[in-house]
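Participant: Let me begin by handing over the structure; questions about it come next.
The values are calculated or read from the model by the stated rules, or taken from the named source; none is laboratory data. As the structure is a computational prediction, the values presented were derived from the model and not from experiment. Every residue, glycine as well, gets a Cβ built from its backbone with ideal geometry; the counts of neighbours run over all protein chains shown.
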Amino acid sequence: MSAVTDLTTYWDRYAGQLPAPPREDALKEALRWCQYPDHGPGAELLGDPVTALELGCGRGDAVAALATKGIDATGVDLSVEHVRAAHEWWGDLANARFTHADVIDYLSDTRHRWEAAFSIWGAVWFTDPDVLLPLVRERLVPGGRLVFAQAPAVPGAYGIQGMYANGFRGRQVWVYRWAYEPEMWAEILKRHGFVDVRAWVEPAPDPDDVGTLIVQAVHPHVREARRATPAWRRQ
């Protein structure tokens with residue numbers, strides 16, 4: 001039996017299923033971290049960046065929303081179809097840029113730095129944090145923020161999670177996600193050199209429904225980084 005394990009193919013198929021609301025509505029909901037309309041925090045979690053990078057930008061709605069505020073915003077996505085749609089929807093915005101690439105390859109190759117990096121149910125969820133986080137930290141300016149949101153971990157099921165993407169019938173299609181409790185994410189981020197970490201589960205409007213894991217972390221300022229480094233390592 002053949003299997004579809006190529007993530008580009010998977011996300012291209014997903015891109016074809018996205019709704020197409022009016023542009024104004026897409027911009028209004030673009031920087032919502034939670035899966036429920038008009039619920040939870042918004043763009044304020046990013047602070048006041050001049051530049052921002054979205055990891056897994058999808059159709060580019062969040063990048064576009066930032067660009068309309070004068071922020072130089074870049075979106076990276078593994079799906080050719082997502083990036084094509086982003087250019088079709090938002091290519092007229094001068095401050096919005098979209099790139100087709102794997103986020104690991106992109107972060108490894110670029111020399112650019114940003115004041116904020118973020119993932120809204122995007123690439124952070126689908127990428128090994130021990131590989132991704134050092135690259136993100138390297139591409140943030142001192143004091144820059146990383147913010148991401150995704151589903152909370154299922155209690156007792158932590159680390160890499162394999163999942164059949166199309167249910168349990170038809171062709172074999174699977175993806176991997178990484179899931180941890182908020183305090184586990186905090187430890188992982190601190191281990192990779194981030195500071196001022198906040199991680200929590202934002203409750204759903206109905207507290208019995210699934211909430212949203214939200215995490216904020218900061219690239220340390222130079223003095224903070226030096227304090228975190230033993231003296232013998234700085235010699």
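Participant: Looking at region 222-235, can you tell me whether even one residue there is at pLDDT 95 or above, out of contact with any Leu (no Cβ under 7 Å at 6 or more places or on another chain) and either under 17 Å from Trp33 (Cβ atoms) or surrounded by 15 or more Cβ atoms within 10 Å (Cβ to Cβ) (or both)? Steps first, please.
Facilitator: The first filter runs over region 222-235 and keeps only residues at pLDDT 95 or above, leaving none.
No: zero hits.
Participant: Looking at region 77-89, can you tell me whether even one residue there is closer than 22 Å to Asp128 by Cβ and modelled with pLDDT of 95 or more? Reasoning before the result, please.
Facilitator: Within region 77-89, the subset closer than 22 Å to Asp128 by Cβ is 77-79, 82.
Retained after the next criterion (residues that are modelled with pLDDT of 95 or more): 77.
Yes, there is a match, as at least one residue in region 77-89 is closer than 22 Å to Asp128 by Cβ and modelled with pLDDT of 95 or more.
Participant: I'd like to know if region 127-142 contains one or more residues that are farther than 21 Å from Gly159 by Cα and without any contact (Cβ under 8 Å) to a residue 24 or more places away in the chain.
Facilitator: Applying the first criterion (farther than 21 Å from Gly159 by Cα) to region 127-142 yields 138-142.
Checking the rest, the ones that are also without any contact (Cβ under 8 Å) to a residue 24 or more places away in the chain come to none.
Checked against the condition, which is being farther than 21 Å from Gly159 by Cα and without any contact (Cβ under 8 Å) to a residue 24 or more places away in the chain, region 127-142 yields no hits at all.
Participant: Glu115 versus (1) touching a strand residue (DSSP E or B) at 6+ places or on another chain (Cβ under 8 Å); (2) charged (D, E, K, R); (3) more than 14 Å from Val218 (Cα to Cα): which is the lone unmet condition?
Facilitator: (3) is the only condition that Glu115 fails.
Participant: For region 92-143, enumerate the residues that are in contact with a Phe, Trp or Tyr (Cβ under 6 Å, 6 or more places away or on another chain) and assigned to a loop (DSSP other than H, G, I, E, B).
Facilitator: Correct list: Val124 only.
Participant: Right, here's the next one. Give me the residue from region 38-70 that is among the acidic types (Asp, Glu) and more than 25 Å from Asp196 (Cβ to Cβ) and, out of that set, modelled with the lowest pLDDT.
Facilitator: Taking region 38-70 and keeping what is among the acidic types (Asp, Glu), we get 38, 44, 48, 54, 61.
Checking the rest, the ones that are also more than 25 Å from Asp196 (Cβ to Cβ) come to 38, 61.
Values: Asp38: 92, Asp61: 96.
Here the residue is Asp38.
Participant: Further question on the same structure: Of the residues that make up region 67-77, is at least one of a type in the set (Asp, Glu), at negative phi and in contact with an Asp or Glu (Cβ under 9 Å, 6 or more places away or on another chain)? Don't jump to the end; show me each part of the working.
Facilitator: Our first condition is that a residue be of a type in the set (Asp, Glu); within region 67-77, this holds for 72, 77.
Right, trim to at negative phi and you get 72, 77.
Within this subset, residues satisfying the condition of being in contact with an Asp or Glu (Cβ under 9 Å, 6 or more places away or on another chain) are 77.
Within region 67-77, one or more residues are of a type in the set (Asp, Glu), at negative phi and in contact with an Asp or Glu (Cβ under 9 Å, 6 or more places away or on another chain).
Participant: How do the pairs read when you match residues in region 208-220 that are farther than 15 Å from Gln35 by Cα with residues anywhere that are modelled with pLDDT under 95, using Cβ under 8 Å and keeping only pairs 6 or more apart or on different chains?
Facilitator: Pro220/Ala228
Participant: What residue, of Tyr164, Tyr176, Tyr158, Tyr180, is touching a helix residue (DSSP H, G or I) at 6+ places or on another chain (Cβ under 8 Å), surrounded by fewer than 17 Cβ atoms within 10 Å (Cβ to Cβ) and more than 20 Å from Gly143 (Cβ to Cβ)?
Facilitator: Numbers: Tyr164 fails: touching a helix residue (DSSP H, G or I) at 6+ places or on another chain (Cβ under 8 Å); Tyr176 fails: touching a helix residue (DSSP H, G or I) at 6+ places or on another chain (Cβ under 8 Å); Tyr180 fails: surrounded by fewer than 17 Cβ atoms within 10 Å (Cβ to Cβ).
After ruling out the rest, the residue left standing is Tyr158.
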